[in-house]
Amino acid sequence: MAVLKTFKKERLRVRVFDGRASMGDCAGQDAAEYLRALLKEKDEINVMFAAAPSQNETLAALCAAEGIEWDKVNAFHMDEYVGLDPAHPAGFRNFLRRAIFDRLPFRSVNLMDANAADLHAAVGAYDALLRAHPLDACLLGVGENGHIAFNDPPVADFCDPAMAKVVELEERCRMQQVHDGCFERLEQVPAYAITATIPAMMGAKRLFCSVPSETKAEAVKNMLCGKISTACPASVLRTHPAAELYLDADAAKYILQEGDKL
């Protein structure tokens, strides 16, 4: 794999790769190495996973990694659409089942119930579950509008008291789902979702953030070159003591143009 650029922005370690495959391979291998080391010290660990096409290569590399005692890993779901048919292929729980949850023998797989008759109670139950299982690792991405999970700029809160909540999705966020091929039209994308909050994810001991494709280039530029602000929620990763950002050359095109300015 070819690394085109490596640098730190505040506390965030950033690596730019020549392609999407090498980006995902490195992210998956790094996550695997961390999980193996952690499982030598702990009998049980907790890991949260993002569901998006941007995570395909990272999750594939992680699934292929050897020596991970998956029966000691509790898996957590990052976000889910409210009211979507539970069998819909674009459902995030279904993405994660296909990509990783059904491929490995996890100790437990903990899914959000976004179709619950009492949605408030379901969110409260997931909030309690996350509090009872502090995250050891979180594998995440960044949205076209700079969101992490479904914390879009209008609802993102770096000091959110909740661990999970229901949010209304920004139109740009919903259009990303069309761009990703998950839905044919904007009207098909649900307007609401359950999401893990920013403090829930930032509480993880390690963050592995994979961001490929040119559609994310503007968000990456705002994330790394702008202020740390909820205007670009992903910018908060610059404050985490152990976060890594993996970019392909397309996502990093504006960063590469900056040369050594960063």
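The values are calculated or read from the model by the stated rules, or taken from the named source; none is laboratory data. Computed from a predicted structure; not experimentally measured. Glycine gets a Cβ as well: all are built from the backbone with ideal geometry, and neighbour counts include every protein chain shown. For the accessible areas, the whole protein counts, side chains as well, though only heavy atoms, and no ligand, DNA or RNA atoms are used. Shrake-Rupley method; radii C 1.70, N 1.55, O 1.52, S 1.80 Å.
Tell me the GluC sites (Glu not before Pro) within segment 150-235 that lie in a loop according to DSSP and have at most 12 other beta-carbon atoms within 10 Å. Passing sites in segment 150-235 are 184. Within the set (1) 18.3; (2) 19.5; (3) 19.0, the number that Kirkwood radius over Cα pairs in Å takes when calculated for this structure is listed as (1). Relative protection proxy for 125-137, 16-28, from highest mean packing down: 16-28, 125-137 (other beta-carbon atoms within 10 angstrom). Here the gap between residue 121 and residue 205, fully extended at 0.36 nm per residue and compared with their Cα-Cα distance, gives a gain of 27.5 nm.
May I ask you to evaluate 6.51 cos²θ - 1.76 cosθ + 1.60, the Karplus curve with θ = phi - 60°, for each residue of segment 144-153 and list the ³J(HN,Hα) values in order in whole Hz, giving x for glycine and proline? For segment 144-153, the Karplus curve yields 4, 9, x, 6, 10, 6, 9, 8, 5, x Hz. Computed from backbone phi with θ = phi - 60° and the Karplus coefficients 6.51, -1.76 and 1.60, the 3J(HN,Hα) list for segment 159-165 is 10, 4, x, 8, 9, 8, 7 Hz; x is used for glycine and proline. When only the Cβ of Lys, Arg, Asp and Glu is charged (+1, +1, -1, -1), the dipole of segment 1-121 relative to its Cα centre reaches about 520 debye. Cross-link partners of residue 216 among aspartates and glutamates, defined as those whose alpha carbon lies under 14 angstrom from its own and excluding same-chain residues fewer than eight positions apart: 144, 180, 248, 250. When DSSP beta bridges are restricted to pairs lying wholly in the chain, around 40% turn out antiparallel.
How do the peptides 220-230, 200-210 rank, highest first, by the average count of neighbouring beta carbon atoms within 10 Å per residue?
Details: 220-230: 18.0, 200-210: 22.9.
Result, highest mean first: 200-210, 220-230.
Put simply, the amide H of residue 5, placed in the peptide plane, has neighbours under 5 Å in 16, leaving out anything fewer than 5 places away on its chain. For the chain, the solvent-accessible area with a 1.4 angstrom probe is 41 square angstrom per residue. Expressed as a whole percent, the accessible surface of the chain that belongs to carbon and sulfur atoms is 49, based on a 1.4 Å probe.
Only Lys, Arg, Asp and Glu count, each charged at its Cβ (+1, +1, -1, -1), so figure out the dipole size of the chain about its Cα centre, rounded to 20 debye. Spell out each step's value before the answer.
Numbers: 29 positive and 37 negative charges, 150 e Å.
The calculation lands at about 720 debye.
Output the pairs from 8/40; 9/227; 9/221 with a Cα-Cα distance over 18 Å in this structure; if there are none, say none. Where the Cα-Cα span goes over 18 Å, the pairs concerned are 8/40.
Once you charge only the Cβ atoms, +1 for Lys and Arg and -1 for Asp and Glu, what is the size of the charge dipole of segment 156-246 about its Cα centre, to the nearest 20 debye?
On the way: 10 positive and 11 negative charges, 80 e Å.
With only Lys, Arg, Asp and Glu charged at Cβ, the dipole is about 380 debye.
Return the loop-located GluC sites (Glu not before Pro) in segment 42-121 (DSSP other than H, G, I, E, B) with at most 12 other Cβ atoms within 10 Å of their own Cβ; answer none if there are none. Answer in residue order: 66. Can you find, among 186, 154, 203, the residue sitting farthest towards the positive end of the charge dipole of the chain, where Lys and Arg contribute +1 and Asp and Glu -1 at Cβ? Of 186, 154, 203, it is 203.
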